[in-house]
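Notes follow once the structure below has been shown.
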Amino acid sequence: MKLTSGSIVIINLLALQYFPVLCLSQDFDFFYFVLQWPGSYCDTKQRCCYPKTGKPSADFGIHGLWPNYNDGGYPSNCDPDSRFDKSEISSLIGKLEKEWPTLSCPSNDGVKFWTHEWLKHGTCSESELDQREYFEAALQLKQKANLLQALTSAGIKPNDEFYELEEIEDAIRQAVGFTPGIECNVDSSRNSQLYQVYLCVDTSGSDFIKCPLLPRAKCGSRIQFPKF
Ligand code: 5GP
Ligand code: 5GP
């Protein structure tokens with residue numbers, strides 16, 4: 001078919017009309033929901049500091065909910081106009097302090113960590129979740145995953161013992177339904193330790209899914225689950 005210059009103008013106009021819709025639609029493929037074991041964070045050579053609210057409980061804490069692409073790339077800092085608005089999530093602060101504690105130094109109240117995660121990652125899923133929904137989704141996912149229970153009921157306890165990486169993966173797969181990504185750190189005695197668990201979540205932030213891509217693990221075949 002031969003296109004006249006008139007029809008090319010019309011095609012261009014149609015494309016322009018639909019362009020904003022394409023831009024506003026969801027622009028990532030899935031979330032990584034990342035939880036950290038505080039004992040391992042604190043056991044690395046860097047120090048850790050307990051938040052102003054006191055020592056967190058001996059449980060996995062949320063690190064973040066990260067929009068990701070299927071090819072392993074990810075968007076970040078997507079909205080330079082956004083800011084972290086504490087008033088939008090005032091009723092969630094108590095829960096965030098408990099479930100999303102900060103361990104970085106100097107000791108602080110967590111707002112710095114939550115602000116960082118919102119600006120770097122949360123702003124890239126604004127097409128799906130506003131700020132309140134983003135933090136609510138993470139809190140609900142933590143409850144749903146119930147990781148520590150999944151591990152302890154399989155006999156895997158934070159007692160400084162070493163466990164097979166595979167048995168840790170199996171226990172989480174049993175409870176959550178999908179294979180997790182496990183990230184390790186190395187402590188000052190060069191022990192490989194269970195540091196972070198990556199679970200994949202659909203773009204609505206509500207359901208666990210099979211990971212399109214697992215992060216590359218830097219774990220030994222036997223890893224330590226340190227006390228906290
Ligand atoms: P690291 O280099 O310590 O693994 O990661 C540093 C930071 O980069 C993370 O805290 C996170 O903000 C970001 N990051 C690392 N890996 C990924 C990834 O696979 N997906 C996304 N969305 N962010 C990541
Ligand atoms: P990322 O970009 O790696 O998602 O976020 C890590 C940033 O959050 C770093 O700047 C780190 O100092 C800060 N941060 C504050 N508290 C914590 C914490 O408890 N765990 C981790 N991994 N990072 C924290």
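The values are calculated or read from the model by the stated rules, or taken from the named source; none is laboratory data. Quantities reported herein were computed from a predicted structural model and do not represent experimental measurements. As a convention, Cβ positions derive from the backbone with ideal geometry for all residues, glycine included, and neighbour counts pool all protein chains shown.
Checked against (1) loosely packed, with under 15 Cβ neighbours inside 10 Å; (2) within 14 Å of ligand 2 (Cβ to nearest atom), GLN149 passes all but a single condition, namely (2). ILE172 passes every criterion in (1) under 14 Å from the mean Cα position of the chain (by Cα); (2) surrounded by 18 or more Cβ atoms within 10 Å (Cβ to Cβ) apart from (1). Those residues that are among the small types (Gly, Ala, Ser) and within 15 Å of PRO106 (Cα to Cα), I need them from the range 37-56; list them, please. Scanning the range 37-56 gives a single hit, GLY54. Does ALA171 qualify as being more than 16 Å from ligand 2 (Cβ to nearest atom), within 26 Å of TRP118 (Cα to Cα) and not hydroxyl-bearing (Ser, Thr, Tyr)? So ALA171 fails the test.
A Cβ distance below 6 Å, combined with a sequence gap of six or more or placement on separate chains, defines the contacts here; from the range 123-143, residues that are among the basic types (Lys, Arg) reach residues that are outside any helix (DSSP H, G or I) in the pairs LYS142/ILE62.
Quick one: is LYS120 within 16 Å of ligand 1 (Cβ to nearest atom) and among the charged types (D, E, K, R)? Yes; evaluated as a whole, the condition is true for this residue.
For the range 78-99, the candidate set comprises residues that are of a type in the set (A, V, I, L, M, F, W, C) and touching a residue at least 40 places away in the same chain (Cβ under 8 Å); within that set, the residue that is farthest from TYR50 (Cα to Cα) is CYS78.
Of all the numbered requirements in (1) touching a Cys at 6+ places or on another chain (Cβ under 9 Å); (2) closer than 17 Å to TYR32 by Cα; (3) of a type in the set (A, V, I, L, M, F, W, C), CYS105 misses one, and that requirement is (2).
Here's the yes/no breakdown for (1) within 16 Å of the chain's Cα centre (by Cα); (2) modelled with pLDDT of 95 or more; (3) within 10 Å of ligand 2 (Cβ to nearest atom):
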residue: LYS95; (1), (2), (3): no, yes, no
residue: TRP100; (1), (2), (3): yes, yes, yes
residue: PHE113; (1), (2), (3): yes, yes, yes
residue: SER125; (1), (2), (3): yes, yes, no
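From the list ILE209, ILE156, ILE172, ILE182, the one residue that fits, being closer than 19 Å to GLY64 by Cβ and away from ligand 1 (no atom under 16 Å from the Cβ), is ILE172. Considering ASP85, ASP109, ASP130, ASP29, the condition of being within 15 Å of ligand 1 (Cβ to nearest atom), charged (D, E, K, R) and surrounded by fewer than 19 Cβ atoms within 10 Å (Cβ to Cβ) is satisfied by ASP29 alone.
Each row is one residue, and each column tells you yes or no for (1) closer than 30 Å to ASP160 by Cβ; (2) modelled with pLDDT of 95 or more; (3) in a loop (DSSP other than H, G, I, E, B); (4) not polar (S, T, N, Q).
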{"residue": "ALA15", "(1), (2), (3), (4)": "no, no, no, yes"}
{"residue": "GLY39", "(1), (2), (3), (4)": "yes, yes, no, yes"}
{"residue": "CYS48", "(1), (2), (3), (4)": "yes, yes, yes, yes"}
{"residue": "CYS78", "(1), (2), (3), (4)": "no, yes, yes, yes"}
{"residue": "SER82", "(1), (2), (3), (4)": "no, yes, yes, no"}
{"residue": "SER87", "(1), (2), (3), (4)": "no, yes, no, no"}
